[in-house]
């Protein structure tokens, strides 16, 4: 049978972009997207995405594998970019809107972005980021001009609903970049929906570039292939049980692993995307009631927002029809929290994943045998990370030294490892990091877990150097580096501590060069101000503990395990959530 070869009829490169063409053909008049008073059908969304792809190529000269970066919340333009950019043969890079200007600039520089789309809400942030990449012509009336060919072309997404975000470090006016930036709708209008677009020749070609965390010195850019995005999309739709005509609420940022691929998944199912600019409890409840939402994804922090409405939320939620299916991940949710959320009318499925796995890698599939168990036992089962998604060939927990599998007894710990088609191609411009991530045919997650007798995996500790705060990954090593940049810090260690709102938050243990602890207390605010100047605000520790000397091993290594134990005993004000 080996002589039966591939041909254009029986072999087509896999890409989630093809879901949009099908949606326009079979769900043409079905509502594809709703945002405030704006709505589109799948026919209209397809046309707009083709216009975007055409304009990127013809007007902005975007070509194969060029990077198009987008800094925007969950608005129509952000959704359209998930199709329009790869339809142009380019690579989509969605940027976390919580990052600071210096970090955004570092990502634009590292990715060599050709085009930079930014929402008007973040115009000042975009402006300041571009200032790090451009020099100001002192004789040119404040016009910012490029000093290198790697300066992205700015395109502003105007939105009357954007409002303003006060950022003290940002200038008040949008930049003049050789004239006013092009406006997104102008770009759409300039595109030709009937223009010929490049066909995908190889499903291994890149479709998206996502960064694991906000860093400045060595960003880790994770590259997805069209193949991995396609398989991950279908896998999650099937495993989460997403049926026909879902109504999906965008409470998960699309910049997180491309919305865990549900950006493409809603086109595959002919669903309706309900976009909200801000993830606030009143907005979520209102959207559920107005649009009869069936599905949503979120980090566990969103549950806290929903629960904050208390009895009022229960009353309002009780009239909203069938339970809303919720897929959550980003941090291990406490079983007690899941039990409370279930009572509000949300049916929660827990997942575990990471940027390198195209989002969820494990999902806690519910078993009917668990239906008769008491609520607290059900919640504990739901809190486990689960079994591998279908796009992965295997998941295991292995001894990091021998790479042998640990016992499936729920007690023996090891490192969670993955293998399968939804894993990343590798890290952009980081061959060493790519080689270190893969070992003996496995991807090493860096997370410690156990395997229960039923095959379900449960995390026992996150990767030692990563703190997950409100669904955002924070590298403790990066925060420590900023502390060490302060002239009066001699030793620094950053670990996770519990936070009632964000789940986890950074806690810093510092030893100062001065031995005067009265002066040290006075200097705390100045040290934190130093942090705010040099990192995104959500990475700044909410608690600082001064010590004469940090605990160390006999070899001089800081004992972070002891500091973690200390941090777990510390408390923090609920309202300290900035």
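The values are calculated or read from the model by the stated rules, or taken from the named source; none is laboratory data. Not measured: the values here are computed from a predicted model. All Cβ positions, even for glycine, are placed from backbone atoms using ideal geometry, and neighbour counts span all protein chains on display.
Starting from segment 275-287, take each residue that is outside any helix (DSSP H, G or I) and list its partners that are buried (at least 18 other Cβ atoms within 10 Å of the Cβ), counting only C-beta distances under 6 angstrom and pairs at least six apart or across chains.
Partner pairs satisfying both residue conditions: 275/35; 275/74; 275/75; 275/250; 276/287; 277/73; 279/251.
If you check 371, 447, which single one turns out to be crowded, with 17+ Cβ neighbours inside 10 Å and either modelled with pLDDT under 90 or outside the structural domain of residue 209 (by TED's automatic domain parsing) (or both)? Can you show your working first?
Working: 371 fails: crowded, with 17+ Cβ neighbours inside 10 Å.
Just a single option satisfies the conditions, and that option is 447.
Here's the yes/no breakdown for (1) assigned to a loop (DSSP other than H, G, I, E, B); (2) closer than 30 Å to residue 530 by Cα; (3) touching a strand residue (DSSP E or B) at 6+ places or on another chain (Cβ under 8 Å); (4) without any contact (Cβ under 8 Å) to a residue 40 or more places away in the chain:
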| site | (1), (2), (3), (4) |
| --- | --- |
| 410 | yes, no, yes, no |
| 416 | no, no, yes, no |
| 435 | no, no, no, yes |
| 443 | no, no, yes, no |
| 449 | no, no, yes, no |
| 454 | yes, no, no, yes |
| 467 | no, yes, yes, yes |
| 480 | no, yes, yes, yes |
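If residue 529 satisfies all but one of (1) modelled with pLDDT of 85 or more; (2) surrounded by 15 or more Cβ atoms within 10 Å (Cβ to Cβ), what's the number of the condition it fails?
All conditions are met except number (2).
Results for (1) over 21 Å from the mean Cα position of the chain (by Cα); (2) closer than 28 Å to residue 539 by Cβ; (3) modelled with pLDDT under 95, shown as yes or no for each residue.
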| residue | (1), (2), (3) |
| --- | --- |
| 147 | yes, no, yes |
| 182 | yes, no, yes |
| 190 | yes, no, no |
| 202 | yes, no, no |
| 216 | no, yes, yes |
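Would you mind stating whether residue 391 is surrounded by 12 or more Cβ atoms within 10 Å (Cβ to Cβ) and closer than 16 Å to residue 232 by Cα? Explain how you work it out, then say what you get.
Working: surrounded by 12 or more Cβ atoms within 10 Å (Cβ to Cβ): yes; closer than 16 Å to residue 232 by Cα: yes.
Answer is yes for this residue.
With (1) surrounded by fewer than 20 Cβ atoms within 10 Å (Cβ to Cβ); (2) part of a strand (DSSP E or B) as the list, and residue 244 as the residue in question, which single condition is left unmet?
(2)
For every residue, the table says whether it meets (1) part of a helix (DSSP H, G or I); (2) crowded, with 23+ Cβ neighbours inside 10 Å; (3) in the same structural domain as residue 195 (by TED's automatic domain parsing).
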residue: 3; (1), (2), (3): no, no, no
residue: 20; (1), (2), (3): yes, yes, no
residue: 28; (1), (2), (3): no, no, no
residue: 34; (1), (2), (3): no, no, no
residue: 44; (1), (2), (3): yes, no, no
residue: 68; (1), (2), (3): no, yes, yes
residue: 74; (1), (2), (3): no, yes, yes
residue: 82; (1), (2), (3): yes, yes, yes
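Does residue 421 satisfy being free of Cβ contacts under 8 Å to residues at least 60 places away in the same chain, within 17 Å of residue 387 (Cβ to Cβ) and assigned by TED's automatic domain parsing to the domain that holds residue 382?
Numbers: free of Cβ contacts under 8 Å to residues at least 60 places away in the same chain: no; within 17 Å of residue 387 (Cβ to Cβ): yes; assigned by TED's automatic domain parsing to the domain that holds residue 382: yes.
So residue 421 does not fit the description; no.
So, residue 97, is that one modelled with pLDDT of 95 or more and either crowded, with 24+ Cβ neighbours inside 10 Å or more than 13 Å from residue 207 (Cβ to Cβ) (or both) or not?
On the way: modelled with pLDDT of 95 or more: no; either crowded, with 24+ Cβ neighbours inside 10 Å or more than 13 Å from residue 207 (Cβ to Cβ) (or both): yes.
Criteria not met by residue 97.
Can we say residue 400 is surrounded by fewer than 21 Cβ atoms within 10 Å (Cβ to Cβ) and modelled with pLDDT of 90 or more? Please lay out each step first, then the result.
Numbers: surrounded by fewer than 21 Cβ atoms within 10 Å (Cβ to Cβ): yes; modelled with pLDDT of 90 or more: no.
Here the answer is no, as residue 400 does not meet what is asked.
Name the single residue that is surrounded by the most Cβ atoms within 10 Å (Cβ to Cβ) among those in segment 497-514 being modelled with pLDDT of 90 or more and farther than 9 Å from residue 469 by Cα.
Here is the first cut: in segment 497-514, the ones modelled with pLDDT of 90 or more are 497, 505-510.
Next, from what is left, pick out any that are farther than 9 Å from residue 469 by Cα: 497, 507-510.
Values: 497: 24, 507: 26, 508: 28, 509: 25, 510: 25.
Filtering first and then ranking leaves 508.
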